Amino acid sequence: MAHAAALGPPEPAGPIRVEHDRRRRQFTVRLNGCHDKAVLLYEYVGKRIVDLQHTEVPDAYRGRGIAKHLAKAALDFVVEEDLKAHLTCWYIQKYVKENPLPQYLEHLQP
């Protein structure tokens, strides 16, 4: 009978897939089946303005680029929906500085 060795959290199975829950206003990545997830929360603060508020990745999964996938998905959503984004979340501010794509920059609220 084989036993699974517990060597820390498992790698996310396959490519990282971001899900968008519009009703809950969040982007998520499932990390270990349904138990662990990384999340990016946003809120509408005007008719066409979203506040990208908070990104959270469980400690055990940090440093694997998961937050980058969340930030990209959220900013792509802003561009696709032709919204303006207010960046409350420090991580998304950092992501935009590191990836200053014109389509992102023109959708930022000054």
- Taking region 57-106 and keeping residues among the aromatic types (Phe, Trp, Tyr) and either surrounded by fewer than 16 Cβ atoms within 10 Å (Cβ to Cβ) or at positive phi (or both) leaves TRP90
- Task: For region 65-86, indicate whether the set of residues that are more than 13 Å from HIS20 (Cβ to Cβ) and free of Cβ contacts under 8 Å to residues at least 12 places away in the same chain is non-empty.
- Result: no
- Please indicate, with yes or no, whether at least one residue in region 21-41 is part of a loop (DSSP other than H, G, I, E, B), at pLDDT 95 or above and within 11 Å of the chain's Cα centre (by Cα). no
- Query: ARG30 is checked against (1) buried (at least 17 other Cβ atoms within 10 Å of the Cβ); (2) under 14 Å from GLU19 (Cβ atoms) and fails just one. What number does that condition carry?
  - Reply: (1)
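The values are calculated or read from the model by the stated rules, or taken from the named source; none is laboratory data. These figures come from a predicted structure and were not determined experimentally. Note that each Cβ is placed from the backbone with ideal geometry, even for glycine, and that neighbours are counted across all protein chains shown.
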